[in-house]
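The values are calculated or read from the model by the stated rules, or taken from the named source; none is laboratory data. Note that the structure is a prediction, hence the values are computed from the model and not measured. Counting neighbours? That spans all protein chains shown, and the Cβs are built from the backbone with ideal geometry, glycine included.
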There are 2 protein chains.
Amino acid sequence: MKHKETILLKAQQKEVVIGIIGLGYVGLPLAVGFAEAGIKVLGFDKSQQKVDKINHGENYIKDVRDAALREVVENVTFHATTDFSEMSKCDALLICVPTPLDHFKKPDMSYIQAACEEIGRNLKPGTFISLESTTYPTTTEDFMLPIIERESGLKHGIDFWLAYSPERVDPGNKNFVTKNTPKVIGALTEDGLEVGKAIYSFAIDKLHAVSSPRVAEMVKILENTYRLINISLINELALLAGKMDISIWEVIEAAKTKPFGFQAFYPGPGVGGHCIPLDPFYLEHIAKKFDFDLSMIHTAGHINMRMPHYMYIKITTALNRHKKAINGSKVLFLGVAYKPNIDDERESPALTIIDTVLLKGGEVSYHDPFIPSIKTENGNNLQSVELNADTLEGADCVVITTNHSVFDAEFIQAHSKLVVDMRNVIEEASEKVYKL
Amino acid sequence: MKHKETILLKAQQKEVVIGIIGLGYVGLPLAVGFAEAGIKVLGFDKSQQKVDKINHGENYIKDVRDAALREVVENVTFHATTDFSEMSKCDALLICVPTPLDHFKKPDMSYIQAACEEIGRNLKPGTFISLESTTYPTTTEDFMLPIIERESGLKHGIDFWLAYSPERVDPGNKNFVTKNTPKVIGALTEDGLEVGKAIYSFAIDKLHAVSSPRVAEMVKILENTYRLINISLINELALLAGKMDISIWEVIEAAKTKPFGFQAFYPGPGVGGHCIPLDPFYLEHIAKKFDFDLSMIHTAGHINMRMPHYMYIKITTALNRHKKAINGSKVLFLGVAYKPNIDDERESPALTIIDTVLLKGGEVSYHDPFIPSIKTENGNNLQSVELNADTLEGADCVVITTNHSVFDAEFIQAHSKLVVDMRNVIEEASEKVYKL
C-alpha cells in the first residue's frame, strides 16, 4: 500500500498535516494538542469570527489555556481558516462538528453531511478521515462513506481511510483533558486503524482500538445513555422523596458509603449540555430502523422533558407560602449554565424554566458569573444582573438553578425572602428555603 | 434515661446480649461477627435444622468461615434456638428475616410481621431493636412500631428503641464482608441512635448515621434500584446490539476505558438473587400510596421480566441452525446460580428459562458445581449432572447461564455441538457459538 507507507513515514518524521473541522469545545483543544506536539494543524470552521480569534491568538474555550493557544499560533504550528479547499493540504481530517437534535428531537445530520461534502470535494488521495462527533451506530459506514466516495470519486480502503473515534471531552474537568483521556477508535479496515493510531497518538496518550466504527459509535452512546438513565432515575426518586418527607440529598450521601457497586448521581432541574440530553436519542433514532423500542431511554427522556415543568411547579408552590402567584412576582434565577463552573448554557433546563415563568407572567432576572447574556428557546433575551444584597432582596423568589462554586449559600439565604434550591447549595430546608 | 445508661454501661463492659432473628446469609455472618468480638449472641430461627447445624458448629453459609463458626459456638459465645421466648434475655434484637415478593410481585411482609409479634411478646424493657431487611420507606415507623407497641404494651422512646440499618451483604465478595462494609443506620430518636451505634460498633467498623429510619430505608432501595436500572439498560442495549451486529461485550470493555462518569454493567439472562429483582418493587409499592408512578423501575422491571423469554428465543434460534426444534431437543444448562461462584439460585433467571424449555418439550439437564439439585417455580425437580465430554456431546444445545470461574471455555466449546453463551464465557461468536 503506497499511501499507507507514505503517511506512516510522514507521521514518523512528524511531517503530517492535521486538519480539524469544527473548532468548538472538542476541536479546539484537540487542535492545540496536536500543535503542541509539534504537528502542523489546519483548523477549519465556517465562523469567520472564530477563525479570526484563533489567528490572533485569542482563546474562547475555557478548557484551553490562553498561553497554549497563543504559543502554537505564534509558532505557525496552528492556523485556522474558513477556506475548505485547504483540506487538500491535509494528511488527516478529524471532524468535530455538532450533532444536535432538531425541534422534533430527531438527529440533525446536516453538519456531518456538510463536512463530508467539503471533504469529498477537497480530498487528497492517501488521507485519513475520522469522525469525533457523537452519532448513531452505522453513521460512519452507511452515512459518511457514500457521501465522501461520491463527492471525491475516490475509493475507500484504496485512496482514503475512514474511522470513528468519539470525543470524551468533559468541560470543566480538571483531571481529565483531551490528552490524558483514553480514546476509543474503530476503523473500517486494518490499515485505517494502523494509520489512525499513528495519527492520534501525537495528541492522545492512550488509544483503545475496537473492531469497527459501529462498535465505537455504540461505546459513546452507552457512556452518555448511562448518565441520562441514572440522572433520570434520581430525578424521579427525588420527586417521590419530596412527597415522602425524605431528603434525597441525605439518601445519596449515605448510599455513597457503599464501597462497591454504586455510583452517585444527583437530581436537579433536568439534564443539559450538548451530550447527555441528545446522544441517547441518536440511538433511539436508529433503533426504529431495526424495529426496536428502547424503553429505558424513552422513559428517561420522558422524565427529563418533564423536569423543568416540575421545577416550575416547585416555584409556584414556594411562592404560594407567601400568598403570591407567579403572575406579577419577581423571580431571580442564579445560574443558567447546565453544570457548575462552566460558561455553557446549551440545553440548560434553566432556560426552559425561565421561559415558563415568563409565559405565566413572572418578572424574570438572572445572574450567572460566566454567562453575561442568554437567549431562550422562546426568543427571550436577558442580561445577567449583579448578584448582591439588593438584587436578592428585590426578588419575591430566588431560584438556584446551577451550583456554581462561587455562590455563597449563607449570603444568598441571608438576603432572600424565599429560595427554591434545586442544587443542594443550601444545607437545610426551612420555612424560607425550599429544596428539591 | 435509666434504660439508656444501663445498656450503654453494659455495652462498655461488653456484657450486652445480642439477639439475631433470622440466620440466613445476612444474620449468620452478623452473629458470628458479634460473637468473634466477644459479645454473647443468641440466634433465633424457625428452622430447627439450621439451629441444630449451628449448635453443632456446622456452617451452611459460604461467606462464613467454618472455623470461625465452630470456634464461637464451642466458646458458647454464640448459641442458636427456635425458642423465641429467649428474646427476653437480649439487650438488642437485630431482625434479618427475608422480605420476598409474593406471586403478584407485592411485598410479603409476613416475616417482618411475625418477627415484630414475637419481639412484642417477649420484649424486655430497655431493648434496642433494629431491622436489617430491605423494605419500603416508612416500614419501621408505620408498620413495625405499632405492632411492637401493641404486642408488648411498652412505649417506644421510653421502654425500647427502634432503628433501621440495612444489610449490605454481597455474597461471594472477597474484599467487603459484613465487618468492613460501612453500615447506614437511622433511628427514631437520638437516644436510639446513640444506643444503636454502641451496639453495632462491635461488629461493624464504620457506621454512617442518617436522620431517620425512612432515610435509611430509601438508601438501601436506591442502592439496589441503581443496579436493577443499569442491568436492565444494558440488557436492552444488548438485544439491540445483537440486531445491529455489534458485540455488546466489546462495547462495554471499550466504554470502561473512560476514566470518569461510567460504571460497567453486564448483560445476561436477567437479574436474580434476593435483592435486585425485588427491592425496587418495594419502593414501587409504597409509591402508589403517594399517587406516584415510578416509571424507571416499572420499565426496568418489564425488561427484566421479559429477559428469560428472549433467552428462550435465542435457544430456539440457535437450534434452528441445526434444523432442530426445542421439542425433543436435549438442552444442557451450565450454571443455575444467579451470579458466579455462589451456591444460591434464588430468583435465578436460569430456572425460568428451564421451565420454559421443559414446557415446550425440551429435554433439560443442568450442571452447577455449587447447586446439587433445584426445584423450579413450576415444580420441576432436577439433579445436577456431571460436566464432562459425554454430557456436553450428548446435548443438542449447551446453554451457559452462569459464568462460574471453574467453567473451562475451551473444553465446553470443544465438546459441544452448539453453545448459547449468555455470559461472555466464550470469547468469540462463531457458527457453533451463539452469544448474547
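Taking the stretch B:60-92 only, how many residues are buried (at least 18 other Cβ atoms within 10 Å of the Cβ) and either farther than 13 Å from residue B:44 by Cα or within 21 Å of the chain's Cα centre (by Cα) (or both)?
The number of residues fulfilling the criteria is 8.
Of the residues that make up the stretch B:357-368, is at least one at pLDDT 95 or above and within 28 Å of residue B:246 (Cα to Cα)? Let's see the steps before the verdict.
Within the stretch B:357-368, the subset at pLDDT 95 or above is B:357-368.
Filter once more, keeping what is within 28 Å of residue B:246 (Cα to Cα): B:357.
Looking through the stretch B:357-368, at least one residue is at pLDDT 95 or above and within 28 Å of residue B:246 (Cα to Cα).
Return the total of residues in the stretch B:264-286 being at pLDDT below 95 and among the aromatic types (Phe, Trp, Tyr).
Looking only at that region, the number is 2.
Within the stretch A:353-407, take every residue that is surrounded by 12 or more Cβ atoms within 10 Å (Cβ to Cβ), in a loop (DSSP other than H, G, I, E, B) and small (Gly, Ala, Ser) and give me the one that is nearest to the chain's Cα centre (by Cα).
Out of the qualifying residues, it is A:362.
Residue-by-condition table, conditions (1) within 17 Å of the chain's Cα centre (by Cα); (2) surrounded by 20 or more Cβ atoms within 10 Å (Cβ to Cβ); (3) over 30 Å from residue B:341 (Cβ atoms):
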{"site": "B:121", "(1), (2), (3)": "no, no, yes"}
{"site": "B:124", "(1), (2), (3)": "no, no, yes"}
{"site": "B:127", "(1), (2), (3)": "no, yes, yes"}
{"site": "B:136", "(1), (2), (3)": "yes, yes, yes"}
{"site": "B:143", "(1), (2), (3)": "no, no, yes"}
{"site": "B:147", "(1), (2), (3)": "no, no, yes"}
{"site": "B:150", "(1), (2), (3)": "no, no, yes"}
{"site": "B:156", "(1), (2), (3)": "no, no, yes"}
{"site": "B:184", "(1), (2), (3)": "no, yes, no"}
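Within the stretch A:267-310, can you find the residues that are aliphatic (A, V, I, L, M), within 11 Å of another protein chain (Cβ to nearest Cβ), touching a residue at least 40 places away in the same chain (Cβ under 8 Å) and touching a helix residue (DSSP H, G or I) at 6+ places or on another chain (Cβ under 7 Å)?
Taking the stretch A:267-310 first, the residues aliphatic (A, V, I, L, M) are A:271, A:276, A:278, A:283, A:286-287, A:294, A:296-297, A:300, A:303, A:305, A:307.
Filter once more, so that each one left must be within 11 Å of another protein chain (Cβ to nearest Cβ): A:276, A:283, A:286-287, A:294, A:296-297, A:300, A:303.
From what is left, the residues that are touching a residue at least 40 places away in the same chain (Cβ under 8 Å) are A:276, A:283, A:286, A:296-297, A:300, A:303.
Listed by number, the residues that qualify are A:276, A:283, A:296, A:297, A:300, A:303.
I'd like the full set of residues that are in contact with a Gly (Cβ under 9 Å, 6 or more places away or on another chain) and either within 20 Å of residue A:28 (Cβ to Cβ) or outside the structural domain of residue A:204 (by TED's automatic domain parsing) (or both), limited to the stretch A:130-163.
Of all residues in the stretch A:130-163, those in contact with a Gly (Cβ under 9 Å, 6 or more places away or on another chain) come to A:130, A:132-133, A:140, A:147-154, A:156-157, A:159-163.
Selection gives A:130, A:132, A:133.
For the stretch A:244-266, give me the residue count where each residue is within 7 Å of chain B (Cβ to nearest Cβ) and either of a type in the set (Phe, Trp, Tyr) or on the phi > 0 side of the Ramachandran plot (or both).
3
For residues in the stretch B:342-352 being part of a loop (DSSP other than H, G, I, E, B) and of a type outside the set (D, E, K, R), which is surrounded by the fewest Cβ atoms within 10 Å (Cβ to Cβ)? Break it down into steps so the answer makes sense when it comes.
Here is the first cut: in the stretch B:342-352, the residues part of a loop (DSSP other than H, G, I, E, B) are B:342-348.
In the following step, the residues that additionally are of a type outside the set (D, E, K, R) were identified as B:342, B:348.
Details: B:342: 20, B:348: 28.
Across the stretch B:342-352, the extreme among qualifying residues is B:342.
Give A:287, A:325, A:300, A:318 a once-over and let me know the one that is within 30 Å of residue B:242 (Cβ to Cβ) and either among the β-branched types (Val, Ile, Thr) or surrounded by fewer than 24 Cβ atoms within 10 Å (Cβ to Cβ) (or both). Talk me through it step by step, then tell me what you get.
On the way: A:325 fails: within 30 Å of residue B:242 (Cβ to Cβ); A:300 fails: either among the β-branched types (Val, Ile, Thr) or surrounded by fewer than 24 Cβ atoms within 10 Å (Cβ to Cβ) (or both); A:318 fails: within 30 Å of residue B:242 (Cβ to Cβ).
Exactly one residue qualifies, and that residue is A:287.
Would you point out which residue out of B:124, B:183, B:155, B:89 is basic (Lys, Arg), touching a Cys at 6+ places or on another chain (Cβ under 8 Å) and at pLDDT 95 or above?
B:124 is the lone residue from the list that is basic (Lys, Arg), touching a Cys at 6+ places or on another chain (Cβ under 8 Å) and at pLDDT 95 or above.
Looking for whichever is under 18 Å from residue B:222 (Cα atoms) and either in contact (Cβ under 8 Å) with a residue 60 or more places away in the chain or more than 14 Å from chain A (Cβ to nearest Cβ) (or both) here; the options are B:127, B:140. Which one fits?
Working: B:127 fails: under 18 Å from residue B:222 (Cα atoms).
When all the criteria are applied, what remains is B:140.
Going residue by residue through the stretch A:20-30, is there one that turns out to be under 21 Å from residue A:125 (Cβ atoms) and assigned by TED's automatic domain parsing to the domain that holds residue A:162?
Our first condition is that a residue be under 21 Å from residue A:125 (Cβ atoms); within the stretch A:20-30, this holds for A:20-21.
Remaining after also requiring assigned by TED's automatic domain parsing to the domain that holds residue A:162: A:20-21.
Yes: the stretch A:20-30 contains one or more residues that are under 21 Å from residue A:125 (Cβ atoms) and assigned by TED's automatic domain parsing to the domain that holds residue A:162.
Mind checking which residues of the stretch B:232-243 are at the interface with chain A (Cβ under 7 Å from one of its Cβ atoms), surrounded by 22 or more Cβ atoms within 10 Å (Cβ to Cβ) and either within 21 Å of residue A:168 (Cα to Cα) or not small (Gly, Ala, Ser) (or both)? Working first, answer last.
Narrowing the stretch B:232-243 to residues at the interface with chain A (Cβ under 7 Å from one of its Cβ atoms): B:232-233, B:236-237, B:240-241, B:243.
Checking the rest, the ones that are also surrounded by 22 or more Cβ atoms within 10 Å (Cβ to Cβ) come to B:232-233, B:236-237, B:241.
Of everything in the stretch B:232-243, those that are at the interface with chain A (Cβ under 7 Å from one of its Cβ atoms), surrounded by 22 or more Cβ atoms within 10 Å (Cβ to Cβ) and either within 21 Å of residue A:168 (Cα to Cα) or not small (Gly, Ala, Ser) (or both) turn out to be B:233, B:236, B:237.
So, of the residues in the stretch A:311-333 that are touching a residue at least 60 places away in the same chain (Cβ under 8 Å), under 25 Å from residue A:235 (Cα atoms) and not in a helix (DSSP H, G or I), which turns out to be farthest from the other protein chains (Cβ to nearest Cβ)? Break it down into steps so the answer makes sense when it comes.
Taking the stretch A:311-333 and keeping what is touching a residue at least 60 places away in the same chain (Cβ under 8 Å), we get A:311, A:314-315, A:317-319, A:321-322, A:324, A:329-333.
Subsequent filtering for residues that are under 25 Å from residue A:235 (Cα atoms) retains A:311, A:314-315, A:317-319, A:321, A:331-333.
Cutting the leftovers down to not in a helix (DSSP H, G or I) gives us A:331-333.
On the way: A:331: 27, A:332: 30, A:333: 26 Å.
Among them, the one singled out is A:332.
Sort out which residues of the stretch A:172-229 are within 12 Å of chain B (Cβ to nearest Cβ) and over 29 Å from residue A:344 (Cα atoms), and write them in order of number. Walk me through how you get there before you give the answer.
Filtering the stretch A:172-229 down to residues within 12 Å of chain B (Cβ to nearest Cβ) leaves A:172-177, A:180-186, A:204-229.
Selection gives A:186, A:208, A:209, A:210, A:211, A:212, A:213, A:214, A:215.
What about residue A:19, is it touching a Ser or Thr at 6+ places or on another chain (Cβ under 9 Å), of a type outside the set (Lys, Arg), surrounded by fewer than 19 Cβ atoms within 10 Å (Cβ to Cβ) and at pLDDT 95 or above? Steps first, answer last, please.
Details: touching a Ser or Thr at 6+ places or on another chain (Cβ under 9 Å): yes; of a type outside the set (Lys, Arg): yes; surrounded by fewer than 19 Cβ atoms within 10 Å (Cβ to Cβ): no; at pLDDT 95 or above: yes.
In short, no.
Given the conditions (1) under 25 Å from the mean Cα position of the chain (by Cα); (2) part of a loop (DSSP other than H, G, I, E, B); (3) among the hydrophobic types (A, V, I, L, M, F, W, C), which single one is not true for residue A:292?
Unmet condition: (1).
Within the stretch A:328-341, can you find the residues that are at pLDDT 95 or above and either within 28 Å of residue B:240 (Cβ to Cβ) or of a type in the set (Lys, Arg) (or both)?
Matches in the stretch A:328-341: A:330 only.
I'm trying to understand the selection: among the residues of the stretch B:334-362, which are touching a residue at least 40 places away in the same chain (Cβ under 8 Å) and among the aliphatic types (A, V, I, L, M)?
Result: B:334, B:336, B:337, B:342, B:350, B:353, B:357.
Go through (1) buried (at least 24 other Cβ atoms within 10 Å of the Cβ); (2) within 12 Å of chain A (Cβ to nearest Cβ); (3) touching a Pro at 6+ places or on another chain (Cβ under 9 Å) and name the single condition residue B:166 misses.
Only one criterion is unmet by residue B:166, namely (3).
Residue B:410 versus (1) under 23 Å from the mean Cα position of the chain (by Cα); (2) of a type in the set (D, E, K, R); (3) under 23 Å from residue B:267 (Cα atoms): which is the lone unmet condition?
With (1) under 23 Å from the mean Cα position of the chain (by Cα); (2) of a type in the set (D, E, K, R); (3) under 23 Å from residue B:267 (Cα atoms) applied to residue B:410, the lone miss is (1).
Looking for whichever is in contact with a Pro (Cβ under 6 Å, 6 or more places away or on another chain) and without any contact (Cβ under 8 Å) to a residue 40 or more places away in the chain here; the options are A:102, A:108. Which one fits? Steps first, please.
Numbers: A:102 fails: in contact with a Pro (Cβ under 6 Å, 6 or more places away or on another chain).
Step by step, each of A:102, A:108 is checked, and only A:108 is in contact with a Pro (Cβ under 6 Å, 6 or more places away or on another chain) and without any contact (Cβ under 8 Å) to a residue 40 or more places away in the chain.
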